[in-house]
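What follows is a single structure, written as structure tokens, with notes after it.
The values are calculated or read from the model by the stated rules, or taken from the named source; none is laboratory data. Fair warning: this is a prediction, and the values are worked out from it, not measured in the lab. Cβ: placed from backbone, ideal geometry, glycine included. Neighbour counts: every protein chain shown. Side chains are part of the model used for accessible areas, which takes the heavy atoms of the whole protein and leaves out ligands, DNA and RNA. Shrake-Rupley method; radii C 1.70, N 1.55, O 1.52, S 1.80 Å.
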Amino acid sequence: MAYPPSTAAQPATDVGSVARLITPDGERVSDPALDRWATDVDDALLSDLYRDMVRTRRLDTEGVALQRQGQLGLWAPSLGQEAAQVGTARALRGSDFVFPSYRELGVQLVRGATPTQLIQVWRGEEQSMGDPFARGTAGPQIIIGAQTLHAVGYAMGIQRSARPDGARADDVAVAYFGDGASSQGDVNEAMVFAASFGAPVVFVCCNNQWAISEPVAVQSRFPLARRAPAFGIPSLRIDGNDVLAGFAAMRWALERARSGAGPAYIEAVTYRMGPHTTADDPTRYRDPAELELWRGRDPLTRVETLLRARGALDDAAAADIAAEADHLAAQMRAACLSYRTREPLTIFDEVYAEPHTGLERQRRAYAAYLAGFEEDQR
Amino acid sequence: MTELTMAKALNAALDRVLTDDPAVLLLGEDIGALGGVFRVTDGLLAGHGAARVIDTPLAESGIMGAAVGMAFRGFRPVVELQFDGFVYPAFDQIVCQVAKMHYRTRGAVRMPLTVRVPWAGGVGAAEHHSESPEAYFVHTSGLRVVAVSNPADAYLMLRQAIASDDPVVFFEPKRLYHAKGEVDLDADLADAPPMGLARIVREGTDATIVTYGAQVTTALQAATAAEDDGLSLEVIDLRSLSPVDYDTVAASVRKTGRVVITHEAPGEAGVGAEVSAGITERCFHHLEAPPVRVTGHDIPYPPAKLERHHLPDLDRILDAVDRVLQRPNSLTGVEL
Ligand SMILES: Cc1ncc(C[n+]2csc(CCOP(=O)(O)OP(=O)(O)O)c2C)c(N)n1
């Protein structure tokens, strides 16, 4: 059987043919692939998803501000990607394990990260967000795509684990990564491993159209979701700005993985509205009209419109949610301003789990050196 | 005591650890039915099943990254990379993920994984099958790096590496896979010298030869030859390249006052350079002559028919011994 090169028929940049449950105008619609996974979604749940998105956006704004004020070394905004992050993460359960990239603020928040944890990495105080096992979520991965393999290995570990009651473990590992990452060898190797071993892993590709200045068309000639089936992994291409689509798609993927049917792949078609990081200048490579277009597809507005239309959200409730988000942002600011850098000699801690003679010598030598300054000050 | 080849000793170690510790998993290319390209995993699939002896896709970064995830889930993966030259595709995961995860998470996540690397030359192999990449890993903190030189050490040190809560890059000289030696299969890890300790393989008083891996055999041959010449050479097998056991090395150099360091990896910024610097810092006033390195040349590994010119042999080591003894040698009168 010959496959024609699948290029122009549907370019990677196509955002029309995506599965969605809420239109950009805030209308609840039906989708054959997703409907089944959203039948029980009521206004209360939708409000929760909305609240998480509002909190994510508010923290993101605060993060950018803190960076501009010199409190954070760097920040990777998630503005515009709240739905893809919150929707998919909300479908998980606590015992699942998430391996995110650096841009998954909403995922970390949903997984229980505290305001302190959210800033410590970007402030340059720590390299992780605390104990990953406490929240079933690894810290932000900087090496593009590396975490997809960790998720697969974790999933292979799940396959080899039993629950305390002796039954087969049915946790799921999840990897989040970007469209740029899809070009990495590791992501492709991860899909080979996942498919070959039928590992319970879900790949969530947050296609925000850009890898720093490189448009997604540089990574792929056709939609990224269509790669997965060639590895033997079923995929869904969803409107990444539709939080309900993310939630439903993730339920589909999780159910497959939990039942032993193997991996699944979700391409959440979204858009990075801000710069790549606070060090980036998107005006050098991006058409302002594109940004305007995507403003009309804002993930928060549509849910707000829908909730209001249903009478599930009024001005007072919206103000409450905003106030709660402000409160959280204030906590993050306070955590940032009161952060105490740990003692210098702790840089030698935890390089190894067991004593290492070479490093112990260096620590002793540096301690003696530092002690010299203390004597000078006497 | 049982006489075993190094390959069989490693096999026995893996078999034992798989039996003793359900958290141990083996991953690699061709390690199942074939038993590995060097047969080190021979019979382990039959004995322990495909859930624990995992034939992987042909993707080194994939193997290493998956091992990282398994360690997250509480397993102790033992990875076999088929040949030294194929460690490079996995290098990113080893250096950026394996080595740093414990530090990055301030100890919350351990990476108790072992990377077995069939290693180095002297077996007439094809390109990419004879490399000595150890310096890359020694340069990376968070890793422990060891190299074995005999079946008894292979049996004990592999078990120690797997038992370690730190990641260990474990170099196995291909040249010695079929070399035999006595192995105590009942040996208890509790009685074994720690994995990071060097071993004095032969005592001597005139000069110290510091080496590791298959070069230990060559250094011993040199020491035997030098004996005929009335010289008494001490030979130290480093065993651990990170950390280096400077206590043992420096004590020996303080005794002999002269040191030759030899390995088959290229010399530039290699383990020998590090050891030479470490000795100089510690023993400068005990040295009767500058430390001398005898290493592979700073060239890509040459074709098999020429590799004997690259690998430091007994005569090159003895020539270096002459240098540290300030006796006539090949470099007498030559400015470097
Ligand atoms: C292996 C690697 N190469 C390059 C970089 C530098 N870099 C950081 S983010 C980035 C773009 C990633 O784009 P994408 O995967 O689409 O994720 P996004 O940032 O858009 O969420 C690059 C090239 C890196 N971190 N890791």
Residue in region B:277-288 that is without any contact (Cβ under 8 Å) to a residue 12 or more places away in the chain, in a loop (DSSP other than H, G, I, E, B) and more than 25 Å from B:Y136 (Cβ to Cβ) present: no
Residue tally, condition open to solvent by 50 Å² or more (accessible area, probe 1.4 Å), over 21 Å from the mean Cα position of the chain (by Cα) and under 19 Å from A:R310 (Cα atoms), over region A:17-34: 4
Region A:192-228 - residue that is at positive phi and over 16 Å from the mean Cα position of the chain (by Cα) and, of those, nearest to the ligand (Cβ to nearest atom): A:I212
Region B:241-255, residues that are out of contact with any helix residue (DSSP H, G or I) (no Cβ under 9 Å at 6 or more places or on another chain) and open to solvent by less than 10 Å² (accessible area, probe 1.4 Å): B:S252
Residue match in region A:176-191 (condition: more than 16 Å from the ligand (Cβ to nearest atom) and either basic (K, R) or out of contact with any Asp or Glu (no Cβ under 8 Å at 6 or more places or on another chain) (or both)): no
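Counting residues that are of a type outside the set (V, I, T) and within 14 Å of chain B (Cβ to nearest Cβ), which helices (runs of 4 or more DSSP H) fully inside region A:265-378 reach at least 2?
A:357-377
Is at least one residue of region A:96-110 away from the ligand (no atom under 16 Å from the Cβ), open to solvent by 10 Å² or more (accessible area, probe 1.4 Å) and in a loop (DSSP other than H, G, I, E, B)?
no
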Matching residues in region A:121-162 - criterion: being open to solvent by 20 Å² or more (accessible area, probe 1.4 Å), away from the ligand (no atom under 16 Å from the Cβ) and over 29 Å from B:L26 (Cβ atoms): A:R123, A:G124, A:E125, A:E126, A:G130, A:A134, A:R135
Which listed residue, of B:R110, B:R106, is basic (K, R), open to solvent by 30 Å² or more (accessible area, probe 1.4 Å), within 14 Å of chain A (Cβ to nearest Cβ) and over 16 Å from B:V168 (Cα atoms): B:R106
Top-ranked residue of region A:195-222 - restricted to ones that are open to solvent by 40 Å² or more (accessible area, probe 1.4 Å) and within 14 Å of another protein chain (Cβ to nearest Cβ), ranked as farthest from A:I158 (Cα to Cα): A:S196
Hey, A:L45 farther than 20 Å from A:Q127 by Cα, of a type outside the set (V, I, T) and surrounded by 21 or more Cβ atoms within 10 Å (Cβ to Cβ) or not: no
Selected residue (criterion: nearest to B:L158 (Cα to Cα)) from residues of region B:27-52 that are of a type in the set (A, V, I, L, M, F, W, C) and within 12 Å of chain A (Cβ to nearest Cβ): B:L27
Any hit, region B:18-27, residues being surrounded by fewer than 24 Cβ atoms within 10 Å (Cβ to Cβ) and farther than 17 Å from A:G157 by Cβ: yes
Flag for A:V192 being within 14 Å of another protein chain (Cβ to nearest Cβ) and modelled with pLDDT of 95 or more: yes
Criterion (within 30 Å of A:V121 (Cα to Cα) and out of contact with any Ser or Thr (no Cβ under 9 Å at 6 or more places or on another chain)) met by exactly one of B:Q82, B:Q97, B:Q93: B:Q97
Options A:Q81, A:Q69; residue that is within 16 Å of the ligand (Cβ to nearest atom) and more than 14 Å from every other protein chain (Cβ to nearest Cβ): A:Q81
Flag for A:R58 being open to solvent by 20 Å² or more (accessible area, probe 1.4 Å), touching a residue at least 40 places away in the same chain (Cβ under 8 Å) and either touching a helix residue (DSSP H, G or I) at 6+ places or on another chain (Cβ under 6 Å) or closer than 30 Å to A:F133 by Cβ (or both): yes
Evaluation of A:A89 against (1) more than 16 Å from the ligand (Cβ to nearest atom); (2) away from chain B (no Cβ under 14 Å) (one fails), failing number: (1)
Given (1) more than 14 Å from every other protein chain (Cβ to nearest Cβ); (2) within 30 Å of B:R323 (Cα to Cα); (3) surrounded by fewer than 24 Cβ atoms within 10 Å (Cβ to Cβ), index of the condition B:L197 fails: (1)
Residue tally, condition touching a Lys or Arg at 6+ places or on another chain (Cβ under 8 Å) and open to solvent by 10 Å² or more (accessible area, probe 1.4 Å), over region A:74-95: 3
Residue check, A:R286 surrounded by 14 or more Cβ atoms within 10 Å (Cβ to Cβ), within 16 Å of the ligand (Cβ to nearest atom) and of a type in the set (K, R): yes
Residues (more than 30 Å from B:S141 (Cα to Cα) and open to solvent by 40 Å² or more (accessible area, probe 1.4 Å)) located in region A:323-362: A:A323, A:E324, A:D326, A:H327, A:A330, A:Q331, A:R333, A:A334, A:L337, A:S338
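In region A:163-183, what count of residues is obtained for those that are in a loop (DSSP other than H, G, I, E, B) and of a type in the set (A, V, I, L, M)?
Summing the residues that are in a loop (DSSP other than H, G, I, E, B) and of a type in the set (A, V, I, L, M) in region A:163-183 gives 3.
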Within region B:1-120, strands (runs of 3 or more DSSP E) holding 3 or more residues that are aromatic (F, W, Y): none
Where a residue in region A:205-223 is of a type in the set (S, T, Y) and its partner, wherever it lies, is within 8 Å of the ligand (Cβ to nearest atom) and at pLDDT 95 or above, with Cβ under 6 Å and at least six apart: none
Number of the exception - A:V110 against (1) closer than 24 Å to B:P77 by Cα; (2) more than 7 Å from chain B (Cβ to nearest Cβ); (3) touching a residue at least 24 places away in the same chain (Cβ under 8 Å): (1)
Number of positions in region A:287-311 that are farther than 23 Å from A:I238 by Cβ and not charged (D, E, K, R): 3
Test for A:A113: is it among the small types (G, A, S), in a loop (DSSP other than H, G, I, E, B) and in contact with a strand residue (DSSP E or B) (Cβ under 8 Å, 6 or more places away or on another chain): yes
